[in-house]
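The block underneath contains the structure these notes are about, expressed in structure tokens.
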Amino acid sequence: MNFLKNVNASINTETIDRIKLEKKTGKNIYETICVLEKISQKISKEIKKNLDKKLEEFNLMNKNNLEEIFENKEQIELSKFYEKLPKSASISIQYLLDEKIKII
């Protein structure tokens, strides 16, 4: 989850200059988008894996008491955290712009 703590990607849709992306990668826009999509998929899988792991902890703790499942404040906070995250595509683009990843 460390990769999500310092991400300053926008949660809103933003237009990004394609020339800026091409300069960062040294590739044409099609190749750049294809690579960013693969990175985005990996980020999305990692987010889902982390969320599933945390939700499983709640299921194990509250297996016998159904009322607690619906009233668990920690689980609600966890849901709010994941809902506020930027999309994985935005994260991958921001990583490229911040030079946290390099496409070769």
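The values are calculated or read from the model by the stated rules, or taken from the named source; none is laboratory data. These figures come from a predicted structure and were not determined experimentally. Heads up, the Cβs are rebuilt from the backbone with ideal geometry, glycines too, and the neighbour counts pull from every protein chain shown. The protein model used for the area step is the full one, side chains on, heavy atoms only, and it has no ligands, DNA or RNA in it. Shrake-Rupley method; radii C 1.70, N 1.55, O 1.52, S 1.80 Å.
Contour minus end-to-end for Cys34 and Phe81, with contour as 0.36 nm per residue of separation and end-to-end as the Cα-Cα distance?
On the way: separation 47, 0.36 × 47 = 16.92 nm, distance 2.82 nm.
Result: 14.1 nm gained on full extension.
Report the local net charge at Ser44: Lys and Arg +1, Asp and Glu -1, summed over other residues whose C-beta lies under 13 Å from its C-beta. Walk me through the numbers before you get to the answer.
Details: positive: Lys38, Lys42, Lys45, Lys48, Lys49, Lys87; negative: Glu37, Glu46, Asp52.
Net of charged neighbours comes to +3.
Expressed in nm to one decimal, what extension gain is obtained for the pair Asn8 and Phe58 from 0.36 nm per residue of sequence separation less their Cα-Cα distance? Please list the in-between numbers first.
Details: separation 50, 0.36 × 50 = 18.00 nm, distance 2.87 nm.
The span from Asn8 to Phe58 would gain 15.1 nm if fully extended.
Could you give the length gained by full extension between Lys102 and Lys27, i.e. 0.36 nm per residue of separation minus their alpha carbon distance, to one decimal place? Provide the component values of the computation, followed by the final result.
Values: separation 75, 0.36 × 75 = 27.00 nm, distance 1.16 nm.
This chain segment gains 25.8 nm when fully extended.
Total Lys pairs in segment 6-63 closer than 22 Å by alpha-carbon, pairs eight or more apart in sequence or interchain only?
Step by step, the pairs that qualify in segment 6-63 add up to 16.
How do Ser79, Ser40 rank by accessible surface area computed with a 1.4 Å probe, from largest to smallest? Intermediate results must be reported in sequence, preceding the final value.
Values: Ser79 50, Ser40 10 Å².
Heavy-atom accessible area, descending, gives Ser79, Ser40.
Starting from the residue with the highest accessible area, list Thr25, Thr13 in decreasing order, probe 1.4 Å.
Working: Thr25 15, Thr13 140 Å².
Result, largest first: Thr13, Thr25.
Kindly rank 85-93, 41-49 from highest to lowest mean number of other beta carbons found within 10 Å of each residue. Before the final figure, lay out each step's value.
Numbers: 85-93: 19.9, 41-49: 14.1.
Sorting 85-93, 41-49 by mean packing, highest first, produces 85-93, 41-49.
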